[in-house]
Amino acid sequence: MNFVFLQFKQDREGAEEYYSRAILADPNDGDVLSQYGKLVWEVHHDQERASSYFERAVQASPEDRYVQKIQNVMIFLKAL
């Protein structure tokens, strides 16, 4: 999924559409949720919205190592 994020980095609208569809297809995919949260943060700097996707990612995939790293980002964002 990281490749997809990098591929769409120049096409924000396309990336958001891609992740929105992926989340609709599988709302419990922690990797997709965390990648979309990352996109929301990097593109929109929307802490509240990004955090909500990060929280959903942690709930969906608590054992996923990447998602565990995202949990640390969540803690950081809340401290801002």
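Yes or no: ALA22 at pLDDT below 90 and either loosely packed, with under 15 Cβ neighbours inside 10 Å or among the hydrophobic types (A, V, I, L, M, F, W, C) (or both)?
Numbers: at pLDDT below 90: no; either loosely packed, with under 15 Cβ neighbours inside 10 Å or among the hydrophobic types (A, V, I, L, M, F, W, C) (or both): yes.
Spelling it out, it is not the case that ALA22 is at pLDDT below 90 and either loosely packed, with under 15 Cβ neighbours inside 10 Å or among the hydrophobic types (A, V, I, L, M, F, W, C) (or both).
So, of the residues in region 56-67 that are under 12 Å from the mean Cα position of the chain (by Cα) and farther than 19 Å from ARG21 by Cα, which turns out to be modelled with the highest pLDDT?
So, considering only residues that are under 12 Å from the mean Cα position of the chain (by Cα) and farther than 19 Å from ARG21 by Cα, the one modelled with the highest pLDDT is VAL58.
Could you tell me which numbered condition GLU63 fails, if it satisfies all but one of (1) of a type outside the set (A, V, I, L, M, F, W, C); (2) in contact with a Phe, Trp or Tyr (Cβ under 9 Å, 6 or more places away or on another chain); (3) outside any helix (DSSP H, G or I)?
Every condition holds for GLU63 apart from (2).
The values are calculated or read from the model by the stated rules, or taken from the named source; none is laboratory data. Note that the coordinates shown come from a computational prediction; the quantities given were computed from them, not determined experimentally. Neighbour counts are summed over all protein chains in view; Cβ atoms, including those assigned to glycine, are modelled from backbone coordinates with ideal geometry.
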